[in-house]
Protein chains: 2
Amino acid sequence: MGSKETDKMNGVDSGHSAVPLDSDTEARVEEFRRCGHQMVDFIAEYYRDLARHKYPVLPSVEMGYLTKTEPKHAPQQPCSYEDLMREVDTKILPGVTHWQHPRFFGYFPASSSFPAMLGDMLSMAFNTIGFSWAAAPAATELETVVMDWLAAACDLPSVFVSSGSGGGVIQQTASDSMLVVIMAARHRAVAQTGETDTRQFVAYASDQAHSSIIKEAKCAGVQVRSIKTSREHSYALQPTDLIAQMRKDTQDGLIPIFVCGTIGTTSTTAVDPIQSLAESVRCEFAGLPVWLHVDAAYAGTAALVAECRHHFKGLELWDSFNFNPHKMMMISFDFSALYVQERSALIDLFSVGEECLRNKASESGQVIDYRKWQVPLGRRFRALKLWFAFKLMGTEGLQRHVRRSFALAERFERWVAADDRFDMPTPRLFGLVCLRLKGQPNDAQCALLDGVNGCGFFLVSTKVDDQVVIRVAVGSPQCEAQDIDELWRAFQREADKLVGPSK
Amino acid sequence: MGSKETDKMNGVDSGHSAVPLDSDTEARVEEFRRCGHQMVDFIAEYYRDLARHKYPVLPSVEMGYLTKTEPKHAPQQPCSYEDLMREVDTKILPGVTHWQHPRFFGYFPASSSFPAMLGDMLSMAFNTIGFSWAAAPAATELETVVMDWLAAACDLPSVFVSSGSGGGVIQQTASDSMLVVIMAARHRAVAQTGETDTRQFVAYASDQAHSSIIKEAKCAGVQVRSIKTSREHSYALQPTDLIAQMRKDTQDGLIPIFVCGTIGTTSTTAVDPIQSLAESVRCEFAGLPVWLHVDAAYAGTAALVAECRHHFKGLELWDSFNFNPHKMMMISFDFSALYVQERSALIDLFSVGEECLRNKASESGQVIDYRKWQVPLGRRFRALKLWFAFKLMGTEGLQRHVRRSFALAERFERWVAADDRFDMPTPRLFGLVCLRLKGQPNDAQCALLDGVNGCGFFLVSTKVDDQVVIRVAVGSPQCEAQDIDELWRAFQREADKLVGPSK
């Protein structure tokens, strides 16, 4: 190869036309184009079919339907895309619980959107691993930009934006966010108290808080106290109860290091009184390194709309705040937004040297290396999902979806309130309606749930004060008013069977 | 609505034609189809452009290029897909480090493939959260199937497949896998020794092991010992050195609980002697609950080909094994495969109750709930990526890619070996070649690295025995023989400038 051509090829911007595409690459690219178009069509048809109720929301496959029938070895030779998609039809689709179905009211919604999907496709194409700024400048900087946008759109306190000492970071799930902050709290507590036996440390949350606090406290090796809540206070954590337990523990020689408040609990979307909780702890335990964390995994998205922002009053008193745009904000799973007031608390814990990762940008101290804000080293370019969503739907589009979901939940709530056979143990605050048959035992509630699910819906139950309560979680972008009305008719029919018609 | 129609709509398989598509949904679906096709075309052109060297592998943006210029607020109103893609061109592409570029030889490869991308698109469409079998039967069962396929394709010991007491699970990254097993080791050690102060526990690895062991041991609250290695033994951990340190620690009253062996270290792909390490520990410390874990994040994929399997001999003596198909196996990031001999060790640690998640399948004990094998609760349908890759490329296609990458690395190794100005401090075993200018100080090695990177390549250096060593990590499916030859010419030119021509 002549030196002229060599120079040309090494010139980073002049090399384009110099390199011919070999036939293998050309064939691979064209095959992807062909199959990719078909996959887009498949996805479009899938969402159309969901809207038309082609699929049952719950699959009817038996346990082991694939593990007992599939061969034990992968094929040696490739098959065609068409053959594989036939297997998707016969083996995968029958076993899918359709989370995007208009009649999926179980758990909390994991809502997707076409804009987020398009952003995810682009992320998939780049396939960068953004462990440092240098490894992925666009991924790093766009993450800072969109996390600040998200904070602004939700009117979060300015302590959580990147221009100060805090900032936002995308974690995988709310459990990961919880682990990060509970470990950061433990790390800070060791430094401030000199106590190294982590069993002396205690974390606090209401008995309605998400199970992740128990799981992640166990991982972090610290104790947890679940503070009892009651229907009288709508299952919200009461400052007096929290303080009493913290006092008792400090008298016993233990060290409170972490309080998790929840805005929108999993069972019933209870909202802890954020402002008074923080004020009480700060006032009573000023000398202790107590990390205050708000988990709003589900309900955080509600902060997009002004009429819900009173729930978030006092947030600036908390060290960290987490919510999952992959739940109600149509940012496809996974995308957990974690905001902290002091990013140094994470960096102190997670900074570990690695010679291969050294680079001038990191050493300048001018850039963010998000690997120092999380447990793993690698990270995907997830900022694109949020960027595409903001750009292609606008903040107003996201707000519209939240308001629409809450209005559909309210529609259902009105049906329930008008029927004297039903009781709503907690008020509806966001997109979740909790209900049960008045004065009936738990068995009857389970029979009601099974009956309604048998009509082509998917709901789950929870237990509060040992009573089974049925949860109707509205939030799928595919859900329409007629789905809500049909759901109510199913409830009525099943209630007729169990307790007779309403008065 | 009449009762006939109501019945029809609630009949899960007869409702399809009964529900008309509203015009909003129709419009959204068709807009996705239009933009999705364009995105597929964009991705196809992107890979074509990479092969043609249209983009420099490293971006030339300044620190803050987006954070300093983007508005502080998200747009209120949406823009068109076309306008957004123009922003991708002007704002994102200039800041992308092109990990899929044919001349990306930095870190380890994070290789993507069109089949894995198609699988990822399907996963994105379903957007299920597979925390239990019931929440996503297809995702759960396909994960079991393909993880067993992967074990068989890599000829892993049968103790790691799902039919016994072990099994495989997809984690996000190797760091997550490391955290999972180190915490499981700690949990088991507490149960077996009665010692609850985790600072008494010690984890061991060579000084060449990945930094994740230091990061995750810190998270788990246990001590770590880095055992020194030497060039004499190709930077492999020596059983005598490990045993000596473990003896010293037990004499000091500490409790060894975890040993991490590495197959293919990050710096130089050193291979620890897996069989003799395990035999030594099992023989010397039979009474201690020492968890043995093999980290083969990069090199594990080499087990796909018979000629590399001798490195993995003795793996059945280890409690757990991890490798990342997202590195060399073209399964797009993220996909870390973790295999354990005793799945109960994970389930004991990570099982936490949650009323909403209760279901008959889980309570039957007949199904796997993978959330009990990991830190987070939620999980994506990542099994589709591996399934698509196995199906559309065949095991032989994956093997071909591994052999091709190693052959390209060998091609480069031969060039280096024939030039007396260069030294290779460690033998090439897989796709990584390590080299330095013979007898030159570290500054000269850095100058060489900068010079070569200035020619349109991306490589990083490491340090072994305080000597800077340049790493050439081959493995991009886009890399061709001519890229290797051009890389070598760049090395020669830069060496000419620094130390004069070769003899």
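For an R0 of 35 angstrom, estimate the FRET efficiency from the Cβ-Cβ distance between A:S158 and B:R34 and round to the nearest 0.05. The formula returns an efficiency of 0.30 here. Semi-axis lengths, largest first, of the ellipsoid equivalent to segment B:259-417 are 32, 24, 12 Å, with √(5λ) applied to each eigenvalue of the Cα gyration tensor. Using every pair of distinct Cα positions in segment B:140-259, the Kirkwood expression returns a hydrodynamic radius of 16.1 angstrom. Please report the spacing between the Cα centers of segment A:414-466 and segment A:177-220 in Å, no decimals. The two parts, judged by their Cα centres, are 34 Å apart.
Each 10 Å bin from 0 upward holds the following percent of the Cα-Cα pairs of chain B: 4, 16, 24, 24, 18, 9, 3, 1, 0, 0. Within chain A, helices built from complete DSSP H runs that reach 30 Å or longer along their own axis (Cα positions) and carry a mean Kyte-Doolittle hydropathy of -0.5 or higher are A:383-417. Calculated over segment A:129-379, the projected area of the Cα convex hull averaged across directions stands at 13.2 nm².
If both residues of a DSSP beta bridge must be in chain B, then about 50% of such bridges are antiparallel. Projecting the Cα atoms of A:G500, A:Q366, B:A490 onto the dipole axis of the protein assembly as shown, where Lys and Arg carry +1 and Asp and Glu carry -1 at the beta carbon, places A:Q366 farthest toward the positive end. The coefficient of translational diffusion for segment A:381-480, derived via Stokes-Einstein from the alpha carbon Kirkwood radius under 4 °C and 1.567 mPa s, stands at 85 µm²/s.
Using only side-chain charges placed at the Cβ, +1 for Lys and Arg and -1 for Asp and Glu, the dipole size of segment B:129-379 relative to its Cα centre rounds to 300 debye. Segment A:277-312 and segment A:110-150 have Cα centres spaced 28 Å apart.
Placing dummy labels 7 Å off each Cα toward the beta-carbon, the span from B:A417 to A:D89 is 5.3 nm. For the pair A:Q482 and B:I347, label points projected 7 Å from Cα toward Cβ lie 4.4 nm apart.
Counting Cβ atoms of other protein chains within 10 Å of each residue's Cβ and taking the mean over peptide B:329-342 gives 2. Based on the reciprocal of the average 1/r between different C-alpha atoms, the Kirkwood radius for the protein assembly as shown equals 29.3 Å. The label point for B:R358 and the one for B:E410, both projected 7 Å from the Cα toward the Cβ, are 6.0 nm apart. Take each residue of peptide B:415-425, count the partner chain Cβ atoms within 10 Å of its Cβ, and average: the result is 0. Could you pull out which residues in segment A:46-79 have an amide N less than 11 Å from a spot 7 Å beyond the Cα of B:Q366, following the Cα-Cβ vector? Zone members listed by number: A:62-65. Counted over segment B:129-379, the DSSP beta bridges are approximately 35% antiparallel.
Let me make sure I get this right: for segment A:196-247, a, b and c are the square roots of the gyration tensor eigenvalues over alpha carbons, sorted descending. Under 1.5 in a/c it's rounded, otherwise prolate if a/b > b/c, else oblate. Which is it? Oblate shape, in that a/c is at least 1.5 and b/c is the bigger or equal ratio. Computed over segment B:18-89, the range of Cα coordinates on each principal axis works out to 55, 36, 16 Å, biggest value leading. Of all DSSP bridge pairs formed entirely within the protein assembly as shown, close to 50 percent run antiparallel.
With the charge dipole of segment A:129-379 set up from +1 on Lys and Arg Cβ and -1 on Asp and Glu Cβ about the Cα centre, the Cα lying farthest toward the positive end among the listed residues A:F323, A:T173, A:V340 is that of A:T173. Take A:239-247, A:334-342 and order them by the average number of nearby Cβ atoms within 10 Å per residue, most first; the result is A:334-342, A:239-247. For the cross-link pairs A:K218/B:K68; A:K215/B:K327; A:K215/A:K327; A:K391/B:K54; A:K313/B:K68; A:K68/B:K385, the ones whose C-alpha atoms lie over 32 Å apart are A:K218/B:K68. When segment A:129-379 is described by a simple charge dipole with +1 on each Lys and Arg Cβ and -1 on each Asp and Glu Cβ, the residue from A:G353, A:S158, A:Q251 located farthest towards its positive end is A:Q251. Averaged over the residues of peptide A:146-153, the number of Cβ atoms from other protein chains lying within 10 Å of each residue's Cβ is 3. For chain B, the Cβ-based charge dipole about the Cα centre amounts to some 720 debye (Lys, Arg positive; Asp, Glu negative; other atoms uncharged). Shape descriptor for segment B:335-374: Rg over Rh equals 0.99 (Cα atoms; Rh from the Kirkwood inverse mean 1/r). Think of each Lys and Arg Cβ as +1 and each Asp and Glu Cβ as -1; about the Cα centre, that makes the dipole of segment A:228-322 roughly 100 debye.
The base-10 log of I(q)/I(0) for segment B:35-135, evaluated at q = 0.15, 0.24 Å⁻¹, reads -0.90, -1.32 [Debye formula, identical scatterers on Cα atoms, solvent excluded].
The slack between A:D443 and A:S60, meaning 0.36 nm per residue of separation minus the straight C-alpha distance, is 135.5 nm.
All C-alpha to C-alpha distances of segment B:438-492, sorted into 5 Å bins beginning at zero, yield P(r) values of 4, 17, 29, 24, 15, 8, 3 percent in whole numbers. Summary for B:G353: label point 7 Å along Cα→Cβ; distances to the equivalent points in the other copies, ascending, 4.8 nm.
Bear in mind that the values in this text are calculations on the coordinates, not laboratory data. The model shown is predicted, which means the values in this text are computed figures rather than measured ones. Because the Cβ atoms are built from the backbone with ideal geometry, glycine has one as well, and the counts that use them run over all protein chains shown.
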